[in-house]
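*Asks:* Structure provided below as structure tokens; questions to follow.
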Amino acid sequence: MSKKQLFSLFVGSLVLYVIGNGLLPLLPAYPLQFGGESVQIGYYLAFAYLALALGNIGAGWVSKRLQIRKVLFVTAGLLAIPGVWLMGMVTEMWQLVVLTAIVWFLIGVGLALMSILTGLFAKKEARGRVFAFLLAMPIGLGSLVGGLGIGPIAQKWGYPTMFQALSLFLLLWPATGLLLEDRVVPQKPPEAGRSAQRALPGPFFLLLGSNFLALSAYFSANFGRSLVMADLGFDRSAISSTAVPVGLVLLILPTSIGWLSDRLGRKWMLLLCYLVGSGGLVLLIFAAALWQFWVAFCLLALLVIGISVGSALVADLVQPESLDMAMSLFSASSFAGGVASFIATGYVLEALDFSATFALGALLPLLALLLALLVRQPRP
């Protein structure tokens, strides 16, 4: 992979994650201005992440057939800019729901294309490190920039000014897309009766299930964290600051874990991520001070690192001609976990307290661990 491509993929991913991770702690609190309750907010977030997942799948489908990834990435960025601006202008809940879904769909397109291009250009012996650098580290830096910048802007000047600033920042999205290199992947003719199995093998679907469960736990923790901290009297800056420890962990650990996955096996690193992430949810049960929320999200950050390890494993499992759909489906499974967890968490919080909700969430990474154990990793 050339330095120019590496730089373009890193900056492109970073822009997307600054928006996504910077807004994630605040999105559950924003609808409170319009009288939203926990179940309604759960549906709002679920709809947004459903749009994100559909953007992932749609990008993979178009990418495989038309192979115009660079054009798609730039176009999605140009459309997202006015969408983010208008999110700060809404006066009713339905307007916020529609605009958030549009913007999140476009972000889903961008994230899928970043994963696809990374998989196409990364060499097999270095995939763990490359995916960690291009996927996990931008998530970390995006969390830092978003957590330290977006929350204080919203606290001092309000949501409209915050969204206006983000829309200007998004000009980097199409600008970076112009620097990307693309690659045409020859499509092999299908063999009768065996094409589907060869394209997406059974272990790939086990990996999808484990990623879905792990990210369901992560998004459930984010949803519950925002509401419980608001209930405890923390302001917007404090709530958004919990993205900072995630960012620090994702800047320090991903390359080391990616390096270990290249040498010791990706599956074992994945199991470690899931086990530590479950511990983060357990800690949230007892969290009351700000530092306790920070420590909990340091542990939960391992679930995010698991995405990059899992992405590298996907690239190992499937053939290059199937990588577009495989990467987009794997990325979509993360956000499908968000859809399920936001709906479920909203209802669970209506019936139970925060402690019970976090306890149930802590079981999900353990179930993901059991599924990942069944994945047969290909030989080097």
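*Asks:* Please report the net charge: other residues with Cβ closer than 14 Å to the Cβ of Ala154, K and R +1, D and E -1.
*Replies:* Net of charged neighbours comes to +1.
*Asks:* Once both labels are modelled 7 Å past Cα along the beta-carbon direction, what's the Gln40-Lys156 spacing in nm?
*Replies:* 3.2 nm
*Asks:* Quick one: putting +1 on the C-beta of Lys and Arg, -1 on the C-beta of Asp and Glu, what dipole do you get for the chain around its Cα centre, in Debye to the nearest 20?
*Replies:* Its charge dipole is roughly 1380 debye.
*Asks:* Residue separation times 0.36 nm, minus the C-alpha to C-alpha distance between Leu352 and Lys3: what's the value?
*Replies:* The Leu352-Lys3 span can extend by a further 120.5 nm.
*Asks:* Another question, then. For segment 59-107, just list the percent of Cα-Cα distances falling in each 10 Å bin from zero outward, please.
*Replies:* P(r) over segment 59-107, rounded to whole percents: 25, 43, 22, 9, 0.
*Asks:* Can you work out the PRE-style zone for Ala359? Point 7 Å along Cα to Cβ, and I want the residues of segment 272-316 with backbone N under 14 Å.
*Replies:* Counting only backbone N, you get 282-287.
*Asks:* Also: Give me the percent of accessible area attributable to carbon and sulfur for the chain, probe 1.4 angstrom.
*Replies:* 71 percent
*Asks:* Under 10 Å, Cα contacts only: if you run a Gaussian network model on the chain, which one of Trp268, Trp173, Trp94 comes out with the highest mean-square fluctuation?
*Replies:* Of Trp268, Trp173, Trp94, the Gaussian network model singles out Trp94 as fluctuating most.
*Asks:* Given Leu370, Leu120, Leu272, which one lies farthest toward the positive end of the charge dipole of the chain, if we put +1 on the Cβ of every Lys and Arg and -1 on the Cβ of every Asp and Glu?
*Replies:* Leu120
*Asks:* In nm, to one decimal, how far is the modelled label at Leu168 from the one at Met89, with both set 7 Å along Cα→Cβ?
*Replies:* 1.7 nm
*Asks:* Further, regarding this structure: Note the direction-averaged projected area, equal to a quarter of the hull surface, for the Cα convex hull of segment 1-59, in nm².
*Replies:* 5.1 nm²
*Asks:* For segment 225-301, what is the charge dipole size about the Cα centre, in debye to the nearest 20, if Lys and Arg each add +1 at the Cβ and Asp and Glu each add -1 at the Cβ?
*Replies:* Computed about the Cα centre, the dipole is about 260 debye.
*Asks:* Right, here's the next one. What does the accessible area per residue of the chain come to in Å², with a 1.4 Å probe and no ligands, DNA or RNA counted?
*Replies:* Accessible surface, normalised per residue, equals 39 Å².
*Asks:* What are the lysines whose alpha-carbon lies under 20 Å from the alpha-carbon of Lys156, with same-chain residues fewer than 8 places away excluded?
*Replies:* In chain and number order, there are no partners.
*Asks:* Could you compute how fast segment 225-285 diffuses translationally, taking Rh as the Kirkwood radius over C-alpha pairs and applying Stokes-Einstein at 20 °C with viscosity 1.002 mPa s? Give it in µm² per second.
*Replies:* Rounded to a whole number, D works out at 158 µm²/s.
*Asks:* Then there is this: Report, to the nearest 10°, how far helix 38-66 tilts away from the longest principal axis of the Cα atoms in the chain, using its own Cα long axis and a range of 0 to 90°.
*Replies:* The helix 38-66 is inclined about 20 degrees to the chain.
*Asks:* Just name one of Val103, Val71, Gly55: the one whose Cα is farthest towards the positive end of the charge dipole of segment 43-142 (beta-carbon charges, Lys/Arg +1, Asp/Glu -1).
*Replies:* Val71
*Asks:* Further, regarding this structure: Past 25 Å, Cα to Cα: identify those pairs from Lys4/Lys123; Lys64/Lys267; Lys4/Lys64, in the order given.
*Replies:* Cα-Cα > 25 Å for Lys64/Lys267; rest within.
*Asks:* Sticking with this structure for a sec: Relative to the longest principal axis of the C-alpha atoms of the chain, give the angle of the C-alpha long axis of helix 254-264, reported between 0 and 90° and rounded to the nearest 10°.
*Replies:* 40 degrees
*Asks:* Something else now. Through the Karplus equation 6.51 cos²θ - 1.76 cosθ + 1.60, θ set to phi - 60°, convert the phi angles of segment 302-307 into ³J(HN,Hα) values in whole Hz; use x for Gly and Pro.
*Replies:* Each residue of segment 302-307 in turn: 5, 5, 6, 4, x, 5 Hz.
*Asks:* May I ask you to evaluate 6.51 cos²θ - 1.76 cosθ + 1.60, the Karplus curve with θ = phi - 60°, for each residue of segment 91-96 and list the ³J(HN,Hα) values in order in whole Hz, giving x for glycine and proline?
*Replies:* Taking θ as phi minus 60°, the curve returns 10, 9, 4, 5, 5, 5 Hz for segment 91-96.
*Asks:* Tell me what the chain gives for mean residue ellipticity at 222 nm when only DSSP H runs of n ≥ 4 count, each as -39,500 (n - 2.57), the sum divided by the residue total, rounded to 500 deg cm²/dmol.
*Replies:* That calculation yields -26500 deg cm²/dmol at 222 nm.
*Asks:* Only one of the values [x] 1.02; [y] 1.18; [z] 0.92 was calculated from this structure for Cα Rg over 2.2 N^0.38 Å; name its label.
*Replies:* Identified label for the calculated read-out: [z].
*Asks:* Towards the positive end of the charge dipole of the chain, with charges on Cβ (+1 Lys, Arg; -1 Asp, Glu), say which of Ser226, Asn211, Leu200 has the farthest Cα.
*Replies:* After comparing all options, I get Leu200.
*Asks:* Here is a further query. For the chain, which longest stretch is free of loop sites, where a loop site is one of the GluC sites (Glu not before Pro) that DSSP puts outside H, G, I, E and B and that has at most 14 other Cβ atoms within 10 Å?
*Replies:* 192-380
The values are calculated or read from the model by the stated rules, or taken from the named source; none is laboratory data. Since the structure is predicted, the reported quantities are computational estimates derived from the model, not experimental observations. Positions of Cβ are backbone-derived with ideal geometry, glycine not excepted, and every protein chain shown enters the neighbour counts. Side chains are part of the model used for accessible areas, which takes the heavy atoms of the whole protein and leaves out ligands, DNA and RNA. Shrake-Rupley method; radii C 1.70, N 1.55, O 1.52, S 1.80 Å.
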